[in-house]
1. Determine whether region 91-104 contains at least one residue that is part of a strand (DSSP E or B), β-branched (Val, Ile, Thr) and modelled with pLDDT under 95.
2. Do the conditions hold for Pro43, that is, is it closer than 22 Å to Ser182 by Cβ, at pLDDT 50 or above, loosely packed, with under 15 Cβ neighbours inside 10 Å and in contact with an Asp or Glu (Cβ under 9 Å, 6 or more places away or on another chain)?
3. So how many residues does region 120-135 have that are assigned to a loop (DSSP other than H, G, I, E, B) and more than 12 Å from Lys153 (Cβ to Cβ)?
4. Which one of the conditions (1) crowded, with 19+ Cβ neighbours inside 10 Å; (2) farther than 19 Å from Leu93 by Cα does Trp113 fail to meet, given that it meets all the rest?
5. Just to be sure I understand, how many residues within region 152-177 are touching a Phe, Trp or Tyr at 6+ places or on another chain (Cβ under 9 Å) and β-branched (Val, Ile, Thr)?
6. Can you work out which of the residues in region 136-148 that are part of a strand (DSSP E or B) and at pLDDT below 95 is nearest to Pro43 (Cα to Cα)?
7. Among the residues of region 135-191, write down those that are touching a residue at least 40 places away in the same chain (Cβ under 8 Å), β-branched (Val, Ile, Thr), under 15 Å from Val97 (Cα atoms) and surrounded by fewer than 21 Cβ atoms within 10 Å (Cβ to Cβ).
8. Only one residue in Ala125, Ala98 is among the aliphatic types (A, V, I, L, M), over 19 Å from Gly52 (Cβ atoms) and buried (at least 18 other Cβ atoms within 10 Å of the Cβ). Which one?
Amino acid sequence: MREKWRSKLSVLAGASALAVSVVTVTPALADDVPVDPQEVRMPADVRIVEGGATAPGETVPFPAEPVGPVETPAPGGQAEAMAAAAPSSSACLGSTVAYGSSGCFQHNGDIIWAGDTKKDGMSAAVGVYTDYGRAEEVCVNKLGVDTWATCNKDYREDGNVRLRVLRYDGDTGKFYQPETWSGWIPVDGKF
């Protein structure tokens, strides 16, 4: 009888631990409203760059469209499927979204896109990290909700960048969660 009670207790304790770990480890989704924003510590030497406004009528290349077959077989002809080795020059790679912020990297021109998606008094921020030791920078969109800002950079073509999307409070100069990281993105756009 004691064995059954201990068995049930251990199953209950394990299920409770699993539920707590899922709740504490799950990142906030893009539409989840944070109850109390948590400050994110950034290195003291991180460079904050204010993003510029996009030109009127300019389309945001976000997210990148998948590249696939481009030819249709002609009647009686041979079908050849062609796939591009790299996305189009205007594609935005590494699409990353967190509450109130969106970001991506356009490999043609090395442009960082930062989109502000929530009216909450904070700005969208996209941190950029390289795999070759370049100093960290953050592209901040201070243009307001439902806008996109760009930061035009110049990265080594043989390097990779990684994006960190989060919120920025311009009044205090502090960054806040929720945050999301992209994977490594090749600067030349060739995966």
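The values are calculated or read from the model by the stated rules, or taken from the named source; none is laboratory data. These numbers come from a predicted model, not from an experiment. Cβ atoms come from the backbone with ideal geometry, glycine included; neighbour counts cover every protein chain shown.
1. Yes.
2. Yes, satisfied.
3. Within region 120-135, residues that are assigned to a loop (DSSP other than H, G, I, E, B) and more than 12 Å from Lys153 (Cβ to Cβ) number 6.
4. With respect to (1) crowded, with 19+ Cβ neighbours inside 10 Å; (2) farther than 19 Å from Leu93 by Cα, Trp113 is out only on (2).
5. Number of matching residues: 2.
6. Across region 136-148, the extreme among qualifying residues is Trp148.
7. Thr147, Thr180
8. Answer to the check: Ala98.
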